[in-house]
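Enquirer: Sharing a structure, written as structure tokens. Questions coming.
The values are calculated or read from the model by the stated rules, or taken from the named source; none is laboratory data. Please read all numbers here as calculations on a predicted model, not as lab measurements. Here Cβ is always computed from backbone atoms with ideal geometry, including for glycine, and neighbour counts include all displayed protein chains. The protein model used for the area step is the full one, side chains on, heavy atoms only, and it has no ligands, DNA or RNA in it. Shrake-Rupley method; radii C 1.70, N 1.55, O 1.52, S 1.80 Å.
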Amino acid sequence: MDKILFLEGKFSEKIWGGSKLKDLYSYQIPSDKTGEYWAISGMEGESSAILNGEFKGKSLREVYKDKPELFGNPNEKEFPLLVKIIDAADDLSIQVHPDDEMGARLENSKGKTECWYILNENSASIIFGLKVDSKDEAIRLIDDRKWDELLKEVPTKKGDFFFVRAGTVHAIKKDSLILEIQQASDITYRLYDYDRRDDKGNLRDLHLEKSKQAIKIIDQEDQIQTLSGTGYEGRNLTSNEYFEVREFKINSQAKFERQNPYLLESVIEGAGEIEIDGKVYPIKKGDFFLITNYAKDYKITGKLTIIEANPVEK
């Protein structure tokens with residue numbers, strides 16, 4: 001049995017999408033308005049497909065339900081995380097996500113806490129939080145449409161990391177390329193969309209009242225810590241109640257011991273190979289795979305950067 005599952009995700013066209021997923025990753029995208037690649041997903045209708053081994057052709061959603069031992073027999077009935085790449089050729093709308101309580105109450109869904117690892121080489125920026133210290137003041141500025149007084153814009157560069165807790169007002173801006181790791185939820189409340197119209201000339205729907213309810217005044221949570229090991233430079237990017245995320249920059253060869261029931265791996269730079277129990281698999285930029293509970297340890301050879309994530313068991 002293969003102890004590693006290579007995954008193929010699904011693309012999504014967006015009004016703000018571009019062509020970087022083809023230009024930089026050689027993906028076969030549906031159009032030059034491709035905004036998202038849902039690389040690791042177990043969500044209904046949007047699940048990744050497995051590319052190798054005895055489960056080849058099956059969906060991650062199906063295997064997660066039918067073979068729970070591969071995932072350490074988790075308590076979560078649904079695959080808990082979603083990993084995607086976002087290509088923003090234009091500004092995304094100003095958004096806020098509900099927390100678990102609000103998501104369950106209004107949407108029959110989990111909330112949506114997420115994080116962003118910046119991939120773009122070029123200069124870009126994001127909206128990340130508010131300039132005000134009270135929710136009442138935030139709502140007043142929203143009602144008065146004083147967006148410049150409300151929204152905090154932050155410049156970004158490759159390798160930057162942002163933890164976006166549910167309730168944080170945020171937006172990905174033009175020319176950004178981002179690896180996003182999040183709770184497996186697709187609930188987004190659109191607060192403002194620059195009065196932008198769709199291809200039929202219609203203003204896009206807003207969710208003002210739900211947005212106002214969801215907003216929280218949140219202090220930035222900088223959790224980044226340096227990791228040290230033989231053969232790599234690493235950072236622990238976040239360790240929160242939903243997921244843990246780490247960055248590994250491998251210089252030639254590094255050995256790892258699996259510490260969690262299963263691991264989600266995103267190769268964002270370079271190429272090499274991974275060896276598990278004497279079986280060697282080539283890996284390269286743009287590959288996404290899952291190391292199962294059957295793999296005790298593994299070795300990665302090459303010069304490459306990997307973002308590793310795992311859910312936190314409830």
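Enquirer: Within region 241-253, identify whether any single residue is open to solvent by less than 20 Å² (accessible area, probe 1.4 Å), touching a helix residue (DSSP H, G or I) at 6+ places or on another chain (Cβ under 8 Å) and under 19 Å from THR113 (Cα atoms), and answer yes or no.
Expert: Looking through region 241-253, none of the residues is open to solvent by less than 20 Å² (accessible area, probe 1.4 Å), touching a helix residue (DSSP H, G or I) at 6+ places or on another chain (Cβ under 8 Å) and under 19 Å from THR113 (Cα atoms).
Enquirer: Pick from region 98-126 the residues that are part of a loop (DSSP other than H, G, I, E, B) and farther than 23 Å from PHE288 by Cβ: which of them is nearest to the chain's Cα centre (by Cα)?
Expert: That would be GLY111.
Enquirer: With the structure loaded, tell me whether ILE215 is open to solvent by 40 Å² or more (accessible area, probe 1.4 Å) and under 30 Å from ALA171 (Cβ atoms) or whether it fails that test.
Expert: no
Enquirer: May I pose another question? Report whether or not GLU76 is farther than 25 Å from ILE268 by Cβ, open to solvent by 60 Å² or more (accessible area, probe 1.4 Å) and either in contact with a strand residue (DSSP E or B) (Cβ under 6 Å, 6 or more places away or on another chain) or not β-branched (Val, Ile, Thr) (or both).
Expert: So GLU76 does not fit the description; no.
Enquirer: Further question on the same structure: Quick check: anything in region 244-266 at pLDDT 95 or above, farther than 16 Å from GLY231 by Cα and in contact with a Cys (Cβ under 8 Å, 6 or more places away or on another chain)?
Expert: yes
Enquirer: Related question: Considering only region 145-187, state which residues are in contact with a helix residue (DSSP H, G or I) (Cβ under 9 Å, 6 or more places away or on another chain) and open to solvent by 60 Å² or more (accessible area, probe 1.4 Å).
Expert: Listed by number, the residues that qualify are LYS146, GLU149.
Enquirer: Moving on. Quick one: would you say PHE55 is touching a residue at least 24 places away in the same chain (Cβ under 8 Å), under 24 Å from ILE268 (Cα atoms) and open to solvent by less than 30 Å² (accessible area, probe 1.4 Å)?
Expert: It is false that PHE55 is touching a residue at least 24 places away in the same chain (Cβ under 8 Å), under 24 Å from ILE268 (Cα atoms) and open to solvent by less than 30 Å² (accessible area, probe 1.4 Å).
One line per residue, one yes/no per condition, for (1) farther than 30 Å from ASP148 by Cβ; (2) in a loop (DSSP other than H, G, I, E, B); (3) modelled with pLDDT of 95 or more:
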site: MET1; (1), (2), (3): yes, yes, no
site: GLU13; (1), (2), (3): yes, no, yes
site: PRO30; (1), (2), (3): yes, yes, yes
site: ALA39; (1), (2), (3): yes, no, yes
site: GLY57; (1), (2), (3): yes, yes, yes
site: PRO74; (1), (2), (3): yes, yes, yes
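Enquirer: So for region 251-270 (the condition being in contact with a Lys or Arg (Cβ under 6 Å, 6 or more places away or on another chain), touching a residue at least 60 places away in the same chain (Cβ under 8 Å) and within 15 Å of TYR298 (Cβ to Cβ)), does at least one residue qualify?
Expert: no
Enquirer: Being under 25 Å from VAL83 (Cα atoms), crowded, with 17+ Cβ neighbours inside 10 Å and either at pLDDT 95 or above or touching a helix residue (DSSP H, G or I) at 6+ places or on another chain (Cβ under 8 Å) (or both), is that true of even one residue in region 219-233?
Expert: Yes - at least one qualifying residue is present in region 219-233.
Enquirer: Identify all residues within region 277-293 that are touching a residue at least 12 places away in the same chain (Cβ under 8 Å) and either open to solvent by 10 Å² or more (accessible area, probe 1.4 Å) or not aliphatic (A, V, I, L, M) (or both); write none if there are none.
Expert: ASP277, LYS279, TYR281, LYS284, LYS285, GLY286, ASP287, PHE288, PHE289, THR292, ASN293
Enquirer: Condition check: open to solvent by less than 10 Å² (accessible area, probe 1.4 Å), in a helix (DSSP H, G or I) and either under 22 Å from VAL245 (Cα atoms) or touching a Ser or Thr at 6+ places or on another chain (Cβ under 9 Å) (or both). Does LEU70 satisfy that?
Expert: So LEU70 passes the test.
Enquirer: Further, regarding this structure: Could you say which residue among LEU7, LEU92, LEU21, LEU82 is open to solvent by less than 30 Å² (accessible area, probe 1.4 Å), among the aliphatic types (A, V, I, L, M) and in a loop (DSSP other than H, G, I, E, B)?
Expert: Details: LEU7 fails: in a loop (DSSP other than H, G, I, E, B); LEU21 fails: in a loop (DSSP other than H, G, I, E, B); LEU82 fails: in a loop (DSSP other than H, G, I, E, B).
LEU92 is the lone residue from the list that is open to solvent by less than 30 Å² (accessible area, probe 1.4 Å), among the aliphatic types (A, V, I, L, M) and in a loop (DSSP other than H, G, I, E, B).
Enquirer: Testing GLY72 on (1) more than 21 Å from the chain's Cα centre (by Cα); (2) free of Cβ contacts under 8 Å to residues at least 40 places away in the same chain, one condition comes back false. Which one is that?
Expert: (2)
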